[in-house]
């Protein structure tokens, strides 16, 4: 055992233990750790955005005489107008600008990447069967997509063939949820493993890093 | 209380203790649970293998946060070892404000590791020649699109304040034409922007290393080829570490590979508890009906 003397590792380790103490029950140590985290995170973001976004992208060009930057400054300030009821309507201008820009940019890109390319991926062609396993998976994907879409088709009652397809659709959806849940468990466990590696390694020196 | 009621209402603190024991145990007791390489991990590895040395660069977008470090840091490390091992230059950048510190940490570690093993100056890494870190930028969609014209237009200076044109690597990497693939190592939905915008407009190849929570969302993009390879959570990181180790780009196993032993044991425990909980629920429901 080779416990570190680095004060920052001790700080991180004590805070980790404070947060883990919640697993037993809520307590003042946990509350302290939680509040400290929220405060530090907010402070970090404010300082980071000031030094890396607002200052270089707005205030430095303005102070260098590039007055075109008054336009984004005004648009940004208009967001705060909603706190003054008399001029709260001004907030619509930057929102309209953001939505217009965002929609114009996103809609074609979204259709291309999320709709057309995904549809292409669902289409089964003779070339798909060049590899038999690949062909079988392509058929399963096609059935899965069709049945899942049928499940969300509410214009007709889910009876007969439509009912069977819709039930198959819900099975595909449940398999999807199950896979997502399994991955979420893996992600959360990974975070625990990471913290345990930190406590056993850099802090207590029990394992090699 | 009946036996089935008891197994359905196990005190959560007992579960936590068992979880903790199983996480710690593999670090002290040699447990070796074999890991099969998933096809999407192999695809990313093969893609990097296919890039000719000293030609196009690999762009890595470090977009993960300290809380997801156990999953993403090993991915970044293994990927860097692979690129540097093959003499492929790396350009790092970030769109998550929490990421630059982690990116600098992993780049510095890998740089020191390679330098300590280097036989001569040619084998060691030089900042500005072998790799560059551009830093963080706000407004990521506009930045990603503008880099298709000129990276220097978006990042006139690197993270350390050097003029981009003064760096030898950036004199030959001007835009996406000189980039073989962009690999996004992220804890949030960052890769989708790279797929929707730079890929759609400039045909940029995209790879991803994601936390396990995010990964399932990207499987459809792997199937269509929009994502050229995917590392899924700690498992993906462990698989890539294994590939990098087997091919001689690393000397020692990585942290994810060690962590996966704990991961596998916990998965078995969770499955046992799910089965026990269901048995308890099934029998208690039957006794209530009876």
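Throughout, read-outs are computed from the coordinates displayed, never taken from laboratory work. Source: prediction; values computed, not measured. Cβ atoms come from the backbone with ideal geometry, glycine included; neighbour counts cover every protein chain shown.
Quick one: grab the alpha carbon gyration tensor of chain A, order the square roots of its eigenvalues as a ≥ b ≥ c, and give me rounded if a/c is under 1.5, else prolate or oblate depending on whether a/b is larger than b/c. If you can, show how the numbers build up before the last one.
On the way: a/c = 2.18, a/b = 1.19, b/c = 1.83.
Since a/c reaches 1.5 but b/c is at least a/b, the shape of chain A is classed as oblate.
First check a/c for the range A:127-209, with a ≥ b ≥ c the square roots of the eigenvalues of its C-alpha gyration tensor; if it is under 1.5, answer rounded, and if not, answer prolate when a/b is larger than b/c or oblate otherwise. All intermediate terms of the calculation are to be shown ahead of the outcome.
Values: a/c = 6.48, a/b = 2.29, b/c = 2.84.
In terms of gyration-tensor shape, oblate.
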Please give the Cα centre distance for the range A:1-79 versus the range B:1-39, rounded to the nearest Å. 35
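Give me B:267, A:35 sorted ascending by neighbouring Cβ count inside 10 Å, so fewest comes first. Don't skip to the answer; put the middle values down first.
Details: B:267 16, A:35 10.
So the residues, fewest neighbours to most, are A:35, B:267.
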Working from Cα positions, state the angle (0 to 90°, nearest 10) between the long axis of helix B:255-289 and the longest principal axis of chain B. 30
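For the range A:97-209, calculate the relative contact order in percent as a whole number, restricting contacts to Cα pairs under 8 Å that are 6 or more residues apart.
Numbers: 51 pairs, mean separation 15.7, N = 113.
Computed over the range A:97-209, the figure is 14 percent.
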Could you work out [θ]222 nm for chain B from helices alone, using -39500 (n - 2.57) per DSSP H run of at least four and dividing by all its residues? Round to the nearest 500 deg cm²/dmol. -15500 deg cm²/dmol
How far, in degrees from 0 to 90, does helix B:12-28 lean away from the longest principal axis of the Cα atoms of chain B, to the nearest 10? 50
Just to confirm my numbers, what's the Cα centroid distance between the range B:265-280 and the range B:59-76 in Å? 30
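In what order do B:240, B:176 fall by count of nearby beta-carbon atoms within 10 Å, going from fewest to most?
On the way: B:240 29, B:176 22.
Fewest-to-most Cβ neighbours within 10 Å comes out as B:176, B:240.
Starting from the Cα gyration tensor of chain B, take the square roots of the eigenvalues, sort them a ≥ b ≥ c, and report rounded, prolate or oblate (rounded when a/c is under 1.5, otherwise prolate if a/b is larger than b/c, else oblate). Intermediate results must be reported in sequence, preceding the final value.
Working: a/c = 2.57, a/b = 1.92, b/c = 1.34.
It comes out prolate by the Cα gyration axes.
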Could you state the angle between the C-alpha long axis of helix B:69-85 and the longest principal axis of the C-alpha atoms of chain B, as a value from 0 to 90 degrees rounded to the nearest 10? 40
Distance in Å, no decimals, from the C-alpha centre of the range A:115-144 to the one of the range B:153-170 is 44
Can you sort A:188, B:12, A:86 so the residue with the fewest Cβ neighbours within 10 Å comes first? A:86, B:12, A:188
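Could you work out [θ]222 nm for chain A from helices alone, using -39500 (n - 2.57) per DSSP H run of at least four and dividing by all its residues? Round to the nearest 500 deg cm²/dmol.
Numbers: 8 runs with 133 residues, N = 209.
So the calculated ellipticity at 222 nm is -21500 deg cm²/dmol.
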According to a simple spin-label model (label point 7 Å from Cα along Cα-to-Cβ), what is the distance in nm between residue A:127 and residue B:162? 4.4
Relative contact order (%) - chain B, alpha-carbon pairs under 8 angstrom, separation at least six: 27
